[in-house]
Amino acid sequence: MEDINQYLEQIPTIPDQNNKRIAAILTNSDPFTLGQGKLFEIAQQENDLIYCIIAANDKAMFTQEQRVGFAESDLARYNNVKVISGKDLIPDFSVSIEFFKDQFAPKLNISRVYVGKKFLSMDNHFDNVSLAHELGPDIEVITIPDLEVNGQTVSASEVRKNIMDNNFKAIRPFVSEAVFKDIQQDL
């Protein structure tokens, strides 16, 4: 694992960042869906800068490099979004809340975290409540309802299932054209 301070120093910033509204969205991007895109669409309108943090996940269908690429392809249209790899330092929020709260967020002036509200998952609801409690009053947790397309909740796990079944037609409505092309090239 690389040095934490070295990792934090490599993260891109903007001028006068300490006086700006900065947010973060942690995602697996496995793959990056329109639902995740919705979080960024809302967040980029409400903040000066948003960090898209791609969590390290050795159980993901796609590699870390591929998942960073999916997010970069989809989010390139926003000037105020920076996609960064969580590397080994941020495998997911459940094991990294303390690191995020005590080192990552203060260094980058992050005052908000956006999360999706999964209607079909009580575990997700409890995770979001726990996250808000753990981050405390210094970092606001903003919950955005999941995106629905054609009456179906956009779900990365459902997209992965369809990929495993070679049902690419079924995933197209749930990912952007850029991510769809990336998936086809990567498989």
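Summary table below
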item: Search result, residues across segment 137-169 that are farther than 22 Å from Ile42 by Cα, in contact with a helix residue (DSSP H, G or I) (Cβ under 8 Å, 6 or more places away or on another chain) and either of a type outside the set (Phe, Trp, Tyr) or in contact (Cβ under 8 Å) with a residue 40 or more places away in the chain (or both); result: Glu158, Val159, Asn162, Ile163
item: Subset of segment 25-51 (residues that are under 13 Å from Val115 (Cβ atoms), within 8 Å of the chain's Cα centre (by Cα) and either outside any helix (DSSP H, G or I) or among the small types (Gly, Ala, Ser) (or both)); result: Ile25, Leu26, Thr27, Asn28
item: Subset of segment 52-81 [among the basic types (Lys, Arg) and not in a helix (DSSP H, G or I)]; result: Lys59, Arg77
item: Filter result for the condition that a residue is part of a loop (DSSP other than H, G, I, E, B) and either modelled with pLDDT under 90 or closer than 30 Å to Asp3 by Cβ (or both), over Ile90, Ile84; result: Ile90
item: Matching entry among Lys101, Lys87, Lys38, Lys59 (being touching a strand residue (DSSP E or B) at 6+ places or on another chain (Cβ under 8 Å) and not acidic (Asp, Glu)); result: Lys38
item: Matching residues in segment 42-75 - criterion: being closer than 19 Å to Val175 by Cα and free of Cβ contacts under 8 Å to residues at least 12 places away in the same chain; result: Thr63, Glu65, Glu72
item: Phe70 being farther than 24 Å from Val159 by Cβ and of a type in the set (A, V, I, L, M, F, W, C); result: no
item: Members of segment 156-177 found to be assigned to a loop (DSSP other than H, G, I, E, B) and polar (S, T, N, Q), listed by number; result: Asn166, Asn167, Ser176
item: Cβ pairs under 6 Å, 6+ apart, first in segment 95-117 and in contact (Cβ under 8 Å) with a residue 60 or more places away in the chain, second among the acidic types (Asp, Glu); result: Arg112/Glu140; Gly116/Asp146
item: Residues of segment 2-18 satisfying the condition of being touching a residue at least 24 places away in the same chain (Cβ under 8 Å) and either more than 12 Å from Gln103 (Cβ to Cβ) or touching a Ser or Thr at 6+ places or on another chain (Cβ under 9 Å) (or both); result: Glu2, Pro12, Thr13, Ile14, Gln17, Asn18
item: Residue list for segment 102-134, filter: in a helix (DSSP H, G or I) and at pLDDT 90 or above; result: Ala105, Pro106, Lys107, Leu108
item: Odd one out for Ser96 among (1) at pLDDT below 95; (2) under 11 Å from the mean Cα position of the chain (by Cα); (3) part of a helix (DSSP H, G or I); result: (2)
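The values are calculated or read from the model by the stated rules, or taken from the named source; none is laboratory data. Given the structure is predicted, the values throughout are model-derived calculations rather than measurements. Positions of Cβ are backbone-derived with ideal geometry, glycine not excepted, and every protein chain shown enters the neighbour counts.
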